[in-house]
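For reference, the structure discussed in these notes is given below.
The values are calculated or read from the model by the stated rules, or taken from the named source; none is laboratory data. Only a predicted model underlies this, so the values are computations on that prediction, with no experimental measurement involved. Counting neighbours? That spans all protein chains shown, and the Cβs are built from the backbone with ideal geometry, glycine included. Calculation scope for accessible area: heavy atoms of the full protein, side chains included, ligands and nucleic acids excluded. Shrake-Rupley method; radii C 1.70, N 1.55, O 1.52, S 1.80 Å.
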Amino acid sequence: MPPLHFVSLSGSHFLSSPLPTSHRMGKHYRPPGKKKEGNAARYITRSQAVKHLQVNLPLFRKLCILKGVFPREPKKKVKGNHHTYYHLKDIAFLHHEPLLETFRETRVYEKKIKKAKAKKNEERAKRLEKSKPNYKLDRLIRERYPKFLDAIRDLDDCLTMVHLFAALPALEREKIEVRRVHNCRRLSHEWQAYISRTHKLRKVFVSVKGIYYQAEVQGQKVTWLTPHALQQVLSEDIDYNVMLTYLEFNETLLAFVNCHLYHSINVKYPPILDSRLEALAADLYALSRWFSASSRALVDGQASSVSGTEQGQSQHKETSVEESELRLAQLQQQLPSNEPGALMHLVEDVAEDEEDEDTKECKKLFKNMKFFLSREVPRESLLFVIPAFGGMVSWEGDGAPYDENDEDITHQIVDRPSQTRRILSRDYVQPQWVFDSVNARIILPTEDYLVGRIPPPHLSPFVDNDAEGYVPDYAETIKRLQAAAKNQVLPLPGVGEEDMEDPQSLLAEGVIDRAEANEAAERKRKMIAHQMLYNEEIEKELRSSTSIQTTPVEKMEVGEEPLPDLQQVVEDTTSMSKVMMSRKKRGLLEAITKGKQRKKDQINLLKERKKKVEEGQKSN
């Protein structure tokens, strides 16, 4: 420790140190009155934010979820790495939120209700429950999604969350109410009914987690996951309060999207379902009948308005909302339950010029086909997929549009080892045939999918096999079937594109006749002659340039020593460029190289497994 000195000024004494002021003060010393700068001024920790807003942590978390405020990662964490940081502007954004005051009032009412129940004053508790302040999230939806396309882009997690809670059991201890489960189920079925009606479904993949779907709505791809129709076991290591907050926002968002989409196809929202079909858990079919009833009501309304203008009777144009709903309900009840077209004729057909090529292709995939679902197959998924691609479907049970004995049924979906009773006019296939046909966009042969047989591998439509570097055998088979359906010619296995360009090969395959083969051979000979002439001219130019540039001494050296290895030159150039890179770019290059090597190892592993399987099949 340095020695201290006594200094006297005008008769007073005080201690002084020879060290400079910067050493005596702290590292982050800020003189009084000076403003904060940098990250210290732009970011605050979560505890500081909670204290600033004067709310508790669960309420702060709920407010952040509803407003879309998330933690940030500053470059320099002033308070340490163990804190969660928020931007100061985000906290100011929350500070002016009207919901904050509503949540505070709700908390006050909850305390009063709790106090009244503790005093066994049930009347006061009920009165407080009725006067408890409510809130809506409509304004937040418009605030976070100014355009409808913004809401469509952010719909993936929303749909997955809503479909998940639609399959969960209602548990009072986890605050999962029956009302919320029913609402999620209704919203999910409304979304599926719109996608099925407009034929916007594009891909389906059945995995262990659940069933993946991908639809294309207004040019945006929407992908979501639905759980299997099994008993769900709730885990205890999940904070359901956070999930319920997300669900509250997602329910409002999906309701807004469904309302906008239904109005775009001239259908009233929310739909009025047939109570009988709803009780039989046939919600999708009930929605389709609502669409059909809406279509008929729309046509009748247009006809009556035209006749009213002709006769000058304007009183028929003004109808109340109650009368229109009653009319729709009556039409829905009058529709015959066994009418095959009731499932598909949902609303008026969209104009052909407004549909894109994918929609037209998907609309005609299962056209003029009637399906019947056995009781063991995943009914909800197939009721969604088959109508989305132009087919008609029924099931085993009450409320079905037609029964199993219908003679017009072309395919019966069965998922059991054997089928005792068979009708010769229909094919008995497994559910995978529907999903594979949908992904391939062609009607696949049913021989490999018959009852009792092991089906081919279910390939994911979300994987690009060419980019991955490994193409499964069944993917090659589907490619050939697609080419045959489009009257295209693909090379045989083990034959390259250059072999397909050979006229003799095409003649042997029967693709072209002899006259066309002779013309193609003549054109190919001319092209080869031109190519050879061009190569000779290039070689002459290179020789002349090297002879001008090299001296006799250099020629002697070249003649004496062998030319360096090209591979070694490439490696040396790569290593030199790697040395000249910065540390960040070098690390990025190493990560890319490791990723490529990992992909190669995965491909080699798949090839080895395939080889072992083929050897085992040959030995058997």
Failed criterion for E236 (all others in (1) among the charged types (D, E, K, R); (2) modelled with pLDDT of 90 or more; (3) out of contact with any helix residue (DSSP H, G or I) (no Cβ under 8 Å at 6 or more places or on another chain) hold):
(2)
Is it true that some residue in region 62-75 is over 16 Å from T45 (Cβ atoms), of a type in the set (V, I, T), touching a Ser or Thr at 6+ places or on another chain (Cβ under 6 Å) and outside the structural domain of L253 (by the TED database)?
yes
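Listed here are the residues, each with its yes/no results for (1) modelled with pLDDT under 80; (2) at positive phi.
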| site | (1), (2) |
| --- | --- |
| L450 | no, no |
| A475 | no, no |
| A483 | no, no |
| N487 | yes, yes |
| G510 | yes, yes |
| K524 | yes, no |
| S545 | yes, no |
When region 109-144 is examined, which residues are found to be of a type in the set (A, V, I, L, M) and either open to solvent by 60 Å² or more (accessible area, probe 1.4 Å) or touching a residue at least 60 places away in the same chain (Cβ under 8 Å) (or both)?
A118, L137, L140, I141
Return a yes/no flag: does region 425-445 have any residue that is farther than 19 Å from L481 by Cβ, open to solvent by 40 Å² or more (accessible area, probe 1.4 Å) and not aromatic (F, W, Y).
yes
In the list G399, G390, which residue meets the criterion of being in a loop (DSSP other than H, G, I, E, B), under 24 Å from F205 (Cα atoms) and either at pLDDT 90 or above or touching a helix residue (DSSP H, G or I) at 6+ places or on another chain (Cβ under 8 Å) (or both)?
G390
Qualifying positions in region 242-269 - assigned to a helix (DSSP H, G or I) and aromatic (F, W, Y)
Y246, F249, F256, Y262
Please work out which residue is surrounded by the most Cβ atoms within 10 Å (Cβ to Cβ), limiting yourself to region 388-408 and to residues that are closer than 18 Å to S437 by Cα and aliphatic (A, V, I, L, M).
V393
